[in-house]
Protein chains: 2
Amino acid sequence: MSKDSLPGLTLCNNAALRRAARKLGKFYDDVVEPSGLKATQQGLLYQIHIGDEPAMGAIATSLIMDLSALGHTLKPLIRDGYVETFADPDDRRVKRVRLTPQGLVKLDEAMKLWHIAQQRFEDVAGKDKAERLRAALDEIAALDFDLPPATP
Amino acid sequence: MSKDSLPGLTLCNNAALRRAARKLGKFYDDVVEPSGLKATQQGLLYQIHIGDEPAMGAIATSLIMDLSALGHTLKPLIRDGYVETFADPDDRRVKRVRLTPQGLVKLDEAMKLWHIAQQRFEDVAGKDKAERLRAALDEIAALDFDLPPATP
DNA sequence: TTGAATTAGTGGCATATGCCACTAATTGTG
DNA sequence: CACAATTAGTGGCATATGCCACTAATTCAA
């Protein structure tokens, strides 16, 4: 047996979440790697794909990520020709995003690999457990931590 | 109501995990911010603190993070004088890590804030739910995704 | 209509993480 | 003992994310 300090038992919710994210992230990354995409990129392409030429702000909101972070993350995908953007004709502040034809092909390729990772995860962790986990994570994502402003 | 595309329902375990991590990370970061540390840094200082002058490799293993990533993450903390390293006298390949006196003070300060975040999270999410969540996350962190090498 | 306030993105800077190639120190072995 | 194999870190490069200041486009109000 290895000397893994403590058997697990992380007390901090945030630390436990990040730790698990590193672990699972590496697993999905490894499986999706043959496509040349990181799991995050595959996820982002997918998000763009299921949206109707979504605006950047809409994507950022869905993914609960900073708008500028989304912009940065998009860059390599644009550089590699998988994604393109265009100004919304009705509101030129808004920039919409869509997959290029190559992006669609690449997404298909990556999704096949993603299915493998997803399937294997559910085999190892258990399908119900995975489902409950996702539900719990979605709940967290939906929580409102704001202190009630003393109801004026 | 806002136009939040789908009500949640993330299908990818990894994507759901990252999304929740962004959300919770921002919350902990915001609460811990007055200390000048990010929640990840507070967590790292804590990990170092509870260890007995842990070697970098040991910390990386505990946190399930890449050794080089740990090295990078440590740099700002060393630069700011919260952490120092020294070669293990018995094996000079090994670099051990410990808090400086200022690091200890800073950790105390950050832990007070962390408690607030932790408490508030558990108030909002529910104590049992939080506990079950951490357990589930620790389980994920402990999973073994390797395909059995055909037992030679 | 015009100027203030708001909204959507960008670019720069900083941390978080991972991979790879490379170096130093140890260990194992003939 | 000398050399191959292994182990622990480092440094460079790339993506992931967030904050802030700033610009452009819109909306709102006097």
- What residue in chain B has the Cβ closest to the axis turning B into A, and how close is it in whole Å? B:Ala21, 2
- Taking only DSSP H segments of four or more residues, each worth -39500 (n - 2.57), what value at 222 nm results for chain A once the sum is divided by all its residues, to the nearest 500 deg cm²/dmol? -20500 deg cm²/dmol
- Message: Counting only other chains, and only Cβ atoms inside 10 Å, what mean value do you get across the residues of B:21-31?
- Response: 6
- Query: Which net charge results for the neighbourhood of B:Gly36, defined as the other residues with beta-carbon distances under 15 angstrom from its beta-carbon, given Lys and Arg at +1 and Asp and Glu at -1?
  - Reply: -2
- Query: Just by accessible area at a 1.4 angstrom probe, what is the order of A:His72, A:His49 from largest to smallest?
  - Reply: A:His72, A:His49
- Query: Which percent of the accessible heavy-atom area of the protein assembly as shown goes to carbon and sulfur, probe 1.4 angstrom?
  - Reply: 56 percent
- At B:Lys129, label 7 Å along Cα→Cβ: distances to the other copies, nm, ascending? 2.2
- Query: Which distances, in nm and shortest first, link the B:Ala87 label point to the same label point in every other copy, taking 7 Å along Cα→Cβ?
  - Reply: 6.1
- Note on the structure: at B:Ser68 the sorted inter-copy label distances (label 7 Å from Cα on Cβ side), in nanometres, are 2.7
- Task: Between A:Arg120 and B:Val94, with labels modelled 7 Å along Cα→Cβ, what's the label distance in nm to one decimal, could you check?
- Result: 3.3 nm
- Tail fraction, Cα-Cα pairs, the stretch A:14-120, threshold 23 Å, whole percent: 30 percent
- Over the protein assembly as shown, with neighbouring protein chains present, the accessible area per residue in Å² at probe 1.4 Å is 57 Å²
- For B:Ala142 paired with B:Glu84, estimate the spin-label separation in nm (one decimal), with each label point 7 Å from Cα along the Cα-to-Cβ line. 3.7 nm
- Note on the structure: Asked for the total accessible area buried by A and B (1.4 Å probe, Å², nearest 100), one would answer 5100 Å²
- Any chance you could check the Cα centroid distance between the stretch A:19-43 and the stretch A:85-133 for me, in angstrom? 12 Å
- Query: What does the charge add up to near B:Arg98, with Lys and Arg as +1, Asp and Glu as -1, over the other residues with Cβ less than 10 Å from its Cβ?
  - Reply: -2
- Averaged over A:66-73, number of beta-carbon atoms from partner chains that fall within 10 Å: 0
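In peptide A:120-126, what is the residue-averaged number of other protein chain Cβ atoms found within 10 Å of each Cβ?
Mean number of neighbouring Cβ atoms from other chains: 3.
The values are calculated or read from the model by the stated rules, or taken from the named source; none is laboratory data. Please read all numbers here as calculations on a predicted model, not as lab measurements. A quick note on method: Cβ atoms are made from the backbone with ideal geometry, for glycine too, and the neighbour counts reach across all protein chains shown. Accessible surface is based on the protein model in full, side chains and every heavy atom, while ligands, DNA and RNA are left aside. Shrake-Rupley method; radii C 1.70, N 1.55, O 1.52, S 1.80 Å.
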